[in-house]
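Working notes, structure below.
Read the figures in this text as sums done on the coordinates, not as results from a lab. This is a predicted model, so every value here is computed, not measured. Here the Cβ positions follow ideal geometry from the backbone for every residue, glycine too, while neighbour counts run over all protein chains shown.
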Amino acid sequence: MGYYSEVAIKLSKKANERATDNLKVRDALKQCGAEKVRDLKDGGVVYHIENIKWYSDFDEIAAIEGFLKSLDAEKEEFYEFMRLGEDENDNEHDWNGEVNDMFVNRSINFDFCV
């Protein structure tokens, strides 16, 4: 059992180049089940991770979080991170650039076929 989260990580082109050159970070993303869900116009990418136990004391999580904190916005190594927990108010959002374009959208949709 455990507490699960959904995570999205957006990396600029330069940040993603650093991530793919870093074996520890590449392995951590793979172990977490990160899927590249979008290539951005500027050469960056967005990774998505579903149903993950996101605890900083796990080695792969610590590797990803440490990597994100090491990115230098002055070198155009931008990131945006969002984690949604199981509870409605358990949201975490962090970024190091001027632009943050991820947001939470909780809604109920109905598609009735009559």
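Overview of results
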quantity: Positions within the stretch 68-84 being under 13 Å from the mean Cα position of the chain (by Cα) and either exposed (fewer than 15 other Cβ atoms within 10 Å of the Cβ) or without any contact (Cβ under 8 Å) to a residue 12 or more places away in the chain (or both), in sequence order; calculated: Lys69
quantity: Count of the stretch 1-55 residues which are of a type in the set (Gly, Ala, Ser), more than 19 Å from Phe103 (Cα to Cα) and in contact with a helix residue (DSSP H, G or I) (Cβ under 6 Å, 6 or more places away or on another chain); calculated: 3
quantity: Qualifying positions in the stretch 35-67 - touching a residue at least 12 places away in the same chain (Cβ under 8 Å), of a type in the set (Phe, Trp, Tyr) and out of contact with any Leu (no Cβ under 7 Å at 6 or more places or on another chain); calculated: Trp54, Phe67
quantity: Trp54, sole failed condition from (1) surrounded by 11 or more Cβ atoms within 10 Å (Cβ to Cβ); (2) more than 17 Å from Glu6 (Cα to Cα); calculated: (2)
